[in-house]
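The values are calculated or read from the model by the stated rules, or taken from the named source; none is laboratory data. Computed from a predicted model, the values in this text were never measured in an experiment. So basically every Cβ, Gly included, is an ideal-geometry build from the backbone, and we count neighbours across all protein chains shown.
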Amino acid sequence: AQSVTQLGSHVSVSEGALVLLRCNYSSSVPPYLFWYVQYPNQGLQLLLKYTSAATLVKGINGFEAEFKKSETSFHLTKPSAHMSDAAEYFCAVIMNTGNQFYFGTGTSLTVIP
Amino acid sequence: GAGVSQSPSNKVTEKGKDVELRCDPISGHTALYWYRQRLGQGLEFLIYFQGNSAPDKSGLPSDRFSAERTGESVSTLTIQRTQQEDSAVYLCASSLVPLATDTQYFGPGTRLTVL
């Protein structure tokens, strides 16, 4: 079975500080991995995705994530937080033979001025 | 259209009533997905369509839930005899093709409240 665990339902960082949002997956084979962002009153927007090419994936708005098979992780990072990054972030996994996303419970990011 | 749209944006209903939620996918997208997001939880997969057929209905929580899709266009999610535990945000997504690597584009959701 596949599942996704996001450590920390709430993360607060100061403006300009490093953003690190954690995601670990549980799967018998390496899946495809995604990070989505949900701004208030908006739909989910794809930040980046890993589909078995480069393990370091760069996304929109300066975010990137690294797939580490040995750690079954796909943590999301951004070197310098901006106020506009405040949102809910979801990690999701999908098997390469399927179409069903398994989402984590989300991490709410607060950026402190 | 420019993106996935859903209607209504908010729906308040009484327990026992039926509700219909609508999703308009991005034009040309053959795959359409429904998810449910309960408060404080991640998204739960409900059903997906390839064209107007539904190969995977495994996520529908009960026989009170059903969905249909007209061609490669609008989809309707129907919940009969609503219960309070059905209260959630219902999200629709579409993708160009039903491949795992293809990006799913999400609508803003319908917030359903069952009193």
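In summary, strands (runs of 3 or more DSSP E) completely within the stretch B:14-115 and bearing 3 or more residues that are of a type outside the set (Lys, Arg) and within 14 Å of another protein chain (Cβ to nearest Cβ) occur at B:31-37, B:43-50, B:53-56, B:88-95.
Residues in the stretch A:72-84 that are part of a loop (DSSP other than H, G, I, E, B) and surrounded by fewer than 20 Cβ atoms within 10 Å (Cβ to Cβ): A:Thr72, A:Pro79, A:Ser80, A:His82.
Which of the residues belonging to the stretch B:1-13 are out of contact with any Pro (no Cβ under 6 Å at 6 or more places or on another chain) and outside any strand (DSSP E or B)? Across the stretch B:1-13, the qualifying residues are B:Gly1, B:Ala2, B:Gly3, B:Pro8, B:Ser9.
What's the total number of residues in the stretch B:99-110 that are in contact with a Ser or Thr (Cβ under 8 Å, 6 or more places away or on another chain) and either modelled with pLDDT of 95 or more or buried (at least 21 other Cβ atoms within 10 Å of the Cβ) (or both)? If you could, list the steps in order and put the result at the bottom.
Taking the stretch B:99-110 as the starting set, the residues that turn out to be in contact with a Ser or Thr (Cβ under 8 Å, 6 or more places away or on another chain) are B:100-105, B:107-110.
Within this subset, residues satisfying the condition of being either modelled with pLDDT of 95 or more or buried (at least 21 other Cβ atoms within 10 Å of the Cβ) (or both) are B:104, B:107, B:109-110.
The qualifying residues number 4.
Looking at (1) among the small types (Gly, Ala, Ser); (2) away from chain B (no Cβ under 12 Å); (3) farther than 29 Å from B:Ala2 by Cβ, which one does A:Gly62 not meet, given that it meets all the others? Against the list (1) among the small types (Gly, Ala, Ser); (2) away from chain B (no Cβ under 12 Å); (3) farther than 29 Å from B:Ala2 by Cβ, A:Gly62 comes up short only on (3).
Which residue is nearest to the chain's Cα centre (by Cα), if the candidates are limited to the stretch A:4-31 and must be hydroxyl-bearing (Ser, Thr, Tyr) and surrounded by fewer than 20 Cβ atoms within 10 Å (Cβ to Cβ)? Residue satisfying both the conditions and the ranking: A:Thr5. Checking every residue in the stretch A:85-99 against the condition of being more than 14 Å from chain B (Cβ to nearest Cβ), touching a residue at least 12 places away in the same chain (Cβ under 8 Å) and part of a helix (DSSP H, G or I) gives at least one match. Taking the conditions exactly as written (in contact with a His (Cβ under 6 Å, 6 or more places away or on another chain) and either within 14 Å of chain B (Cβ to nearest Cβ) or free of Cβ contacts under 8 Å to residues at least 12 places away in the same chain (or both)), does A:Ser70 satisfy them or not? In short, no.
Within the stretch B:15-57, the set of residues being among the acidic types (Asp, Glu) and over 16 Å from B:Thr110 (Cα atoms) comprises just one member, B:Asp56.
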